[in-house]
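The values are calculated or read from the model by the stated rules, or taken from the named source; none is laboratory data. Predicted model only: the values in this text are computed from it and were never measured. Cβ: placed from backbone, ideal geometry, glycine included. Neighbour counts: every protein chain shown. Protein only, heavy atoms only, side chains kept; ligands, DNA and RNA dropped before computing areas. Shrake-Rupley method; radii C 1.70, N 1.55, O 1.52, S 1.80 Å.
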Amino acid sequence: MNFSQNENQAMIAQMVRDFAEKEIKPYYKQWDADEHFPVETMKKMGELGLLGIFIPEEYGGSGFSYFEYATALMELGKVCGGIGLSVAAHNSLCTGHIYYHGSEEQKKKYLPKLASGEFIGAWGLTEANTGSDAMRMQTTAVKDGNDWIINGAKNWITHGLSGDVAVILVRTGELLDSNGITAFIIEKGMPGFSAVKIKDKLGVRASETAELIFDNVRVPQENVIGNIGEGFKQAMQILDGGRVSIASLSCGIARGAFEASVKYAKEREQFGHPIAQFQAIAFKLADMKTQVEAAELLTFQAAYRKNNKLGMTKEGAFAKYFASEVSVKCGNEAVQIMGGYGYTKEYPAEKFLRDAKLMTIGEGTSEIQKLVISREILK
Ligand code: COS
């Protein structure tokens, strides 16, 4: 494995850093305070090619691999976990689902718009009562002539309100039948489809989260992704890739917290010395840096396997589990190193910690990653 960045990764890292400096850093605190999802900023990232990073150029994407995708999310994570989460959900969940499992017509219809940012994408698996236990979902689609009628609700959906298109997983067969779930493409404005914003989140507050409500929503057969009954397994494969994106974002948050801690520790003086000179602080920095490096290695291992179409269920779970926990530890240590200042919004540490916490929950909790890993080990 090559441990250095390739030319494209270096280019995309620089591009994201430049973009973040101008378009995210001046505003992210306000977005966080207001729980504002900056749609215009998303559109600008679409113009830069960040909303179709691994989508081939023939569908309007950037044609990069998961290495460049992971790199972009790492850079975004250093600045704003909320914006990073939106880019991750848009790319690997909605856009990725249509790319990996959609028909040629669906790819031609939706991918150029998603990749350019003309459309913002959402993806709905979770429901109010079925998070980890995704298979037990209650939302149904019933055949009516050449259409399907969808009833139910999806919860905790990124871009549920502002999204122009959503891929949703709904029951078309018996409860708990792994072949009884199907993926549908839903478009904003379909009669009976509405959304309600979820407010007062702890972190990733610049990323919009909503509940999707389906009241007799009529969806044509042509909006079915793949075959009837394939949805659950499609979703599990999409989450395998999605977990690399959350791992990448976690690495970025962790590195951001680490870098802010180093800066602070070199500047802050106590007992007549910069606190970085005290082993109590220096060892914290050593632990943070070691964990960030290890998290990045696991993440790039998973990205490598994804790029090379090698099985990566457990590698995606290793990366997601480890990196997300590391991001929380680094956010927590950053607050501790900065002391009282770290506990205020004037310094970035508390936001790193708040944003990091979602990484251990979204796209499968740490406990679900351990379940996935242990099942893979023991099967
Ligand atoms: N790739 C392809 N197929 C997979 C798969 C994967 N990664 N993981 C599971 N499957 C298949 C299984 O092989 C099984 O197929 P058969 O029924 O034909 O044998 C089927 O899917 C059902 O799998 P399983 O029996 O493992 O389902 P469970 O309900 O026991 O649990 C877990 C599956 C818990 C792993 C799954 O529900 C899960 O990932 N939950 C978390 C969901 C999540 O991350 N939600 C967050 C969304 S936020 S965007």
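Observations
- Taken over the stretch 18-52, the residue count meeting the criterion of being assigned to a helix (DSSP H, G or I) and among the small types (Gly, Ala, Ser) is 3.
- The stretch 230-241 residues that are within 15 Å of residue 362 (Cβ to Cβ) and near the ligand (Cβ under 6 Å from one of its atoms), paired with ones that are open to solvent by less than 10 Å² (accessible area, probe 1.4 Å) and not in a helix (DSSP H, G or I) (beta carbon under 6 Å, 6 or more apart): none
- Flag if residue 196 is away from the ligand (no atom under 16 Å from the Cβ), at negative phi and either in a strand (DSSP E or B) or in contact with a His (Cβ under 8 Å, 6 or more places away or on another chain) (or both): yes
- Check on residue 207, within 16 Å of the ligand (Cβ to nearest atom), in a loop (DSSP other than H, G, I, E, B), open to solvent by 30 Å² or more (accessible area, probe 1.4 Å) and in contact with a helix residue (DSSP H, G or I) (Cβ under 6 Å, 6 or more places away or on another chain): no
- Condition check for residue 379: more than 26 Å from residue 31 (Cα to Cα), within 16 Å of the ligand (Cβ to nearest atom), surrounded by fewer than 22 Cβ atoms within 10 Å (Cβ to Cβ) and at pLDDT 95 or above: no
- Summed over the stretch 103-144, residues that are more than 10 Å from the ligand (Cβ to nearest atom), assigned to a loop (DSSP other than H, G, I, E, B), under 18 Å from residue 169 (Cα atoms) and open to solvent by 70 Å² or more (accessible area, probe 1.4 Å) total 3.
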